[in-house]
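> Before we start, here is the structure in question, set down as structure tokens.
FYI, it's all coordinate maths here, none of it is from the lab. Computed from a predicted structure; not experimentally measured. Note: ideal-geometry Cβ built from the backbone for every residue, glycine included; neighbour counts use all protein chains shown.
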Amino acid sequence: MGGVSGQIHQWMFKQKAFWKHLKMEGGEEYGADSKLIEDVFAGTGAYIMGKRMFEEGEVVWPEDLFGADVYVLTHEKREPWVQKGTTTFFFINDGIQSALEKAKQSAQGKNVRIQGGAYTIQQYLNAGLVEEFFIHIAPVFLRSGIRLFEGMDKDMYDIEIAEVIPSNLTTHIRYRLKKK
């Protein structure tokens with residue numbers, strides 16, 4: 001993330017709810033950011049992510065970080081990685097629709113969260129498969145990176161702001177998307 005990952009995620013690291021989810025002591029505050037963290041984890045039944053995000057986190061994530069099944073989009077064939085607790089990583093080789101169908105089954109009526117990276121999110125947006133998303137805006141200048149909405153059909157969705165949650169280190173905006 002261009003060397004600024006710590007700055008981008010500082011809002012999260014300061015929250016007691018984040019560390020509680022990791023089953024660790026930490027955090028300095030419990031505020032709107034903590035409530036958001038709790039709500040996201042409680043409402044998510046499965047996750048989807050790209051291979052690059054998985055590889056960046058695989059070596060540092062604690063056991064059972066997600067507390068749910070995680071579907072990793074990849075061309076690599078790999079057996080599921082079953083962690084202690086309730087997290088299992090499944091490696092999906094047959095496309096985004098297959099990953100979404102499997103994640104929906106695992107989620108048992110809860111949300112499926114598409115974690116990223118940007119290319120993974122773009123694929124789901126461009127396929128018309130996203131109903132809602134959060135953008136977390138942190139006051140950090142990025143020198144380069146992947147533009148999240150690059151190449152999107154601007155006429156695919158009607159978009160509305162559903163919620164704005166301000167805090168000291170970021171602004172969270174939840175959008176609803178309706179396919180036209």
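> Grab the Cα-Cα distance for Tyr119 and Phe13, subtract it from 0.36 nm times how many residues apart they are, and report the gain in nm with one decimal.
Full-extension gain reported as 35.7 nm.
> Using a 7 Å offset from the Cα along the Cα-to-Cβ direction at both Glu56 and Lys154, what is the distance between the two label points in nm, to one decimal?
In this crude label model, Glu56 to Lys154 measures out at 2.8 nm.
> Just to check I understand the Karplus step: with θ = phi - 60° and J = 6.51 cos²θ - 1.76 cosθ + 1.60, what whole-Hz values come out for the stretch 106-116, glycine and proline as x?
5, 5, 6, x, 7, 6, 9, 9, 8, 6, x
> If I stretch the segment between Ser144 and Glu25 completely, what's the gain in nm (0.36 nm per residue apart, minus their alpha carbon distance), one decimal?
Full extension from Ser144 to Glu25 adds 39.4 nm.
> Need one number for the stretch 47-168: average projected area of the convex hull over its C-alpha atoms, nm².
9.4 nm²
> Given q = 0.19, 0.22, 0.26 Å⁻¹, what are the Debye log10 I(q)/I(0) values for the stretch 9-86, with equal point scatterers placed on the Cα positions and solvent ignored?
-0.91, -1.13, -1.34
> May I ask you to list the GluC sites (Glu not before Pro) in the stretch 71-169 that are in a DSSP loop and have at most 11 other Cβ atoms within 10 Å of their Cβ?
When the GluC sites (Glu not before Pro) of the stretch 71-169 are filtered for loop state and at most 11 Cβ neighbours within 10 Å, Glu76, Glu150 remain.
> Kindly flag which residue pairs out of Lys154/Lys179; Lys154/Lys178; Lys23/Lys84; Lys23/Lys51 have an alpha-carbon separation exceeding 18 Å in this structure.
Lys23/Lys51
> Taking H as built 1.01 Å from N, whose amide H comes closer than 5 Å to the amide H of Tyr71, not counting residues under 5 places away?
Residues meeting the amide H criterion: Tyr47, Ile48, Met49, Phe90.
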